[in-house]
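Notes for the one structure printed next.
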Amino acid sequence: MVLPNIAAFIAWGLITALFIEVGWIVLIGKAFGYEGGYGFVEHLGGWGAGADGTGIVGPMITYLLPILIGYTGGRMMYDDNLRGGVVGAIATMGAITGADVPMFLGAMVMGPLGGWSMKKLDALWADRIRPGFEMLVNNFSAGIWGMLLAILGFVVAGPFVAAFSRVAGDVVDFLVENSLLPLTSIFVEPAKVLFLNNAINHGIFTPLGTAQADATGKSILFLIEANPGPGLGLLLAFAVFGTGVARASAPGAALIQFVGGIHEIYFPYVLMKPRLILALIAGGMTGVATNLVFDSGLRAPAAPGSIIAVIIQAPVSSLLGVILSVVLSALVTFLVAAALLRLGKDEDGDLAGATASMETMKGKRSSVAGTLTGGGAATATATRPIRSIVFACDAGMGSSAMGASVLRRRIKAAGREDVTVVNKAISSLTDDADLVVTHRDLAERARQRTPSAVHVSVDDFMASPRYDEIVDLVTQDGAEPAPSPTVPADAQPGSQDRPAPSGNLLAKEAIVLSGRARTREEAITEAGELLVASGAVPPEYVEAMHERERSVSTHMGNLLAIPHGTNEAKGLITRTAISVVRYPQRLDWGGGKETEFVIGIAGAGDDHLEVLQRVAEVFLDEEQTARLRAATTAEEVQEVLGGVSV
């Protein structure tokens, strides 16, 4: 809600910096000996000769900014529908007039409430309005409901948020008075790297800081998260003491982070070597402590967190403290990070893998990731039109099948039905594919077998941000659709070319609704033993499942793992079967990847791939996943997995 309106916050900050009584215009005038009146400036700032008026500073923070937030929240909750935005703005106005503090938090509540509730009300009479009465019903329903929400905001939300703001302000004052505010870096810096930076900065510090700046002319809260110093210090340490790709990319990343204000570019460096979070915490605490000592802060949010934005938003009285807070935080971070890097100088880091993890947490591709990894699908140039895509894994019977199913649907939804998406084992790859998708741990093996193809590596098979890049490459190649190429004999075709699975592929006896395992290894064994009990594989196959897991993780994302044997173990399979184990308590599949469902796979032929495609459909559909989570019998699990259209 706040991010789309950052420009309005910046505009308010600049107007405040220029036109208030201690703003830049008055200070510069006094510096040159001008002691006359500042009529126009006074009227805009609402002071001196303009004190009888409202000026422009006060109304912007009281009305414009909260209403924009409320409108944005309402529109977002009504699927980008303007009706949701309008009702959200009306509801926010009630909260604004119900209290005497800037109503940012009230806008964050009333705006989304207005949009969401209007959406639910409209659904009650959808398709029931007689022709010719649509405008009448829509306008009056939104007006009446907006009126009721405005009253609710005035009576309830305004006073509640005002009380909450006073308590939050008292907490901040307590931390400041007792010099405890630097301790917030212990929580803020790790949260930033876990991609909660915008939620912390614009969801917490911006509303509280804006109210504080309105009262005192500046706020230290604007610099707790946005200080570019710690990120600069970390990247400089990599530039001097790092190795390989991390060292080579650090200088460019430092420029983007410090001047461009894109802090996310240093997150992969920390994810690659997590102990470096200690350096960021030390630097963050140093910056906050420096601002406390100098009683410095910013007038408005520094967004993005660029040194340019920081300096522009700093009052004259705070310039020294703000600049020192950036410099000292960068220096402390550099020194601590340098020591930590030298302690682990023999360790190799996987910057590409860390970048992929960052994008998975973010939920979409990063605009700056190519700077760290030297490109990828987003910057790759296809030497020929992309007509055939191969999703490859070690065995070609599990991970690649589900990944291909997900990607195939995305390609088809983009209108490119002429592009084939198949799955194969890496050992079966030939250099005739236009684009090859693999798990990042298998990317080098795939490149050796298909050097002429465009290569994309993923970390999350179910919802990787890289799929967006692949769709972009396919839809932007500028070529006319061509007849579908012949699918290779050793590839796995789409479900439309495959017979339905046999009835005993997923037996009721192979479904466990509450697994006993507590670790990844135990879960693999539990799923494998169900396959053994069903007569599909001998006990030796379970060890092959563990061997496959040690090679490349079978965690697919979306709380799902699909352990299966190695390519060499296919000969052990007597018949195709799968098992399903649900873990309500959830397991850690390694690296913090939570897992609730484990599907063991023994695929002798192609018939299990139909079920895997259905599994992929289920775990991309929240409603279907909820049904699977709520299932109380094995028959319900069979129904969910068998009832998804492919």
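The values are calculated or read from the model by the stated rules, or taken from the named source; none is laboratory data. These figures come from a predicted structure and were not determined experimentally. Virtual Cβ from ideal backbone geometry, glycine too; neighbours counted across all protein chains shown. Surface accessibility is based on the protein's heavy atoms, side chains included, excluding ligands, DNA and RNA. Shrake-Rupley method; radii C 1.70, N 1.55, O 1.52, S 1.80 Å.
Assorted remarks:
- Karplus 3J(HN,Hα) series, Hz, for the stretch 409-421 with 6.51 cos²θ - 1.76 cosθ + 1.60 (x for Gly, Pro): 5, 5, 5, 5, 5, 7, x, 10, 6, 7, 8, 8, 10
- Cut-off 14 Å, label 7 Å out along Cα→Cβ of residue 622, residues of the stretch 114-134 by amide N: 116
- The residues of the stretch 184-230 have, on average, 30 Å² of accessible surface per residue, using a 1.4 Å probe with all protein chains present.
- Calculated FRET value between residue 574 and residue 418, using beta carbons and R₀ = 35 Å, to 0.05: 0.35
- On full extension, the segment bounded by residue 179 and residue 248 gains 20.9 nm, given 0.36 nm per residue less the C-alpha separation.
- Convex hull per residue volume in Å³, alpha carbons only, for the stretch 1-140: 126 Å³
- Ordered by solvent-accessible area of protein heavy atoms (1.4 Å probe), largest first, the residues 432, 173 come out as 432, 173.
- Relative to its residue count, the stretch 1-56 spans a Cα convex hull of 72 Å³ per residue.
- Linear extension gain, residue 632 paired with residue 128, 0.36 nm per residue minus alpha-carbon span: 177.7 nm
- Heavy-atom accessible area for residue 427, with the other protein chains in place and a 1.4 Å probe, reaches approximately 60 Å².
- Semi-axes of the equivalent ellipsoid for the stretch 79-175, computed as √(5λ) from the eigenvalues of its C-alpha gyration tensor and ordered from largest down, come to 33, 12, 8 Å.
- Rounded Å value of the spacing that divides the Cα centres of the stretch 36-50 and the stretch 111-149: 45 Å
- Note on residue 427 and residue 514: their simple-model spin labels are 4.2 nm apart, each label 7 Å out from Cα toward Cβ.
- Accessible surface, per residue, of the stretch 52-127 when the full set of protein chains is kept, probe 1.4 Å, Å²: 43 Å²
- Amide H contacts of residue 458 (H built 1.01 Å from N, in plane; Pro and chain starts excluded): 438, 439, 440 sit under 5 Å, all sequence-distant by 5 or more or on other chains.
- Electrostatic bookkeeping for residue 253 treats Lys and Arg as +1 and Asp and Glu as -1; over the other residues with beta carbon under 12 Å from its beta carbon, the sum is 0.
- Charge tally in the Cβ shell below 15 Å around residue 51, where Lys, Arg are +1 and Asp, Glu are -1, residue 51 excluded: -3
- Distant-in-sequence amide H partners of residue 580 (H built 1.01 Å from N, under 5 Å): 511, 512, 600
- Sum of side-chain charges, residue 304 neighbourhood, beta-carbon under 15 Å (Lys, Arg +1; Asp, Glu -1): -1
- Relative contact order, percent, the stretch 248-345 [alpha-carbon distance under 8 Å, six or more residues apart]: 34 percent
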